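What follows is a short report on a single structure.
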Amino acid sequence: MTHTPNLDETQLHHADTNVLGTPLTSTHAPRILLLHGSLRARSYSRLVNEEAARILQKLGCETRVFDPSGLPLPDDTDSDHPKVQELRDLVSWSEGMVWCSPERHGSMTGIMKTQIDWIPLSIGAVRPTQGKTLAVMQVSGGSQSFNAVNQMRVLGRWMRCLTIPNQSSVAKAFLEFDEDGRMKPSAYYRRIVDVMEELVKFTLLTRDVKDHLTDRYSERVESAEKLSERVNQRSI
């Protein structure tokens with residue numbers, strides 16, 4: 001029952017406890033990118049992200065908030081468009097992300113999806129999102145819902161992010177902010193603090209070992225096969 005004829009044992013790697021047990025080595029502030037899914041002047045997903053950014057800064061992080069205004073539809077222009085390059089540069093810069101979208105027609109907004117669709121799974125040999133932490137949040141105009149955060153979780157897995165367990169959903173968001181756009185004290189605000197604390201912890205825990213955590217047997221086998229083909233090909 002232990003016979004595994006289809007397994008390439010030369011490419012089978014055990015978890016390296018020395019790597020996993022290495023003390024935190026990076027000393028710079030965790031770099032967190034925040035994306036929101038609305039272009040309204042009073043965008044509640046943006047206001048939630050701004051509150052989240054303030055909390056992250058209090059927790060010792062460096063934050064950037066991407067403004068999706070002017071970002072073209074996917075494939076409607078080349079990837080050298082300035083807004084596309086700005087987004088991709090920020091994703092490459094980041095070690096973790098926050099995605100916050102309104103729920104519209106029972107799902108995340110097209111603006112949120114457009115930003116994610118412009119982030120490629122790979123740029124050359126670099127996977128810009130693989131192994132990076134991700135927190136998902138949503139705002140709703142009505143009762144509390146989790147449709148958008150559930151969809152973003154699926155996308156986070158697809159983008160190979162380490163999506164943290166906690167999440168936030170702010171119901172009737174128009175009641176949760178004052179005239180200056182600051183969030184009022186509430187259980188919703190406390191939950192956002194919970195999510196940001198967890199995001200920072202997971203980012204610190206994984207950023208130095210993310211390459212080991214996301215190293216894949218299937219990709220090692222494929223790379224070894226391609227190398228063998230290249231080395232053994234006959235000269236013409």
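Figures for the structure shown
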quantity	calculated
Total residues in region 112-162, condition in a loop (DSSP other than H, G, I, E, B), within 25 Å of T77 (Cβ to Cβ) and touching a Cys at 6+ places or on another chain (Cβ under 9 Å)	1
Any hit, region 65-74, residues being among the charged types (D, E, K, R) and modelled with pLDDT of 95 or more	yes
Only one of T133, T114 that is under 29 Å from R216 (Cβ atoms), modelled with pLDDT of 95 or more and in contact with a Phe, Trp or Tyr (Cβ under 7 Å, 6 or more places away or on another chain)	T133
Pairs with Cβ under 9 Å, 6+ apart, first in region 169-182 and touching a residue at least 60 places away in the same chain (Cβ under 8 Å) and within 21 Å of N150 (Cβ to Cβ), second among the charged types (D, E, K, R) and surrounded by 14 or more Cβ atoms within 10 Å (Cβ to Cβ)	V170/E176; V170/R191
Qualifying residues in region 122-147 (those that are in contact with a helix residue (DSSP H, G or I) (Cβ under 8 Å, 6 or more places away or on another chain) and aliphatic (A, V, I, L, M)) - the one surrounded by the fewest Cβ atoms within 10 Å (Cβ to Cβ)	V126
Residue selected from region 54-94 under the condition small (G, A, S) and surrounded by fewer than 18 Cβ atoms within 10 Å (Cβ to Cβ), by the criterion farthest from T27 (Cα to Cα)	G70
Breaking point among (1) assigned to a helix (DSSP H, G or I); (2) modelled with pLDDT of 95 or more; (3) farther than 21 Å from S168 by Cα, for S45	(3)
Top-ranked residue of region 190-236 - restricted to ones that are assigned to a loop (DSSP other than H, G, I, E, B) and either over 26 Å from the mean Cα position of the chain (by Cα) or among the basic types (K, R) (or both), ranked as modelled with the highest pLDDT	R207
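The values are calculated or read from the model by the stated rules, or taken from the named source; none is laboratory data. Keep in mind the model is a prediction, meaning the values are calculated, not measured. Note that each Cβ is placed from the backbone with ideal geometry, even for glycine, and that neighbours are counted across all protein chains shown.
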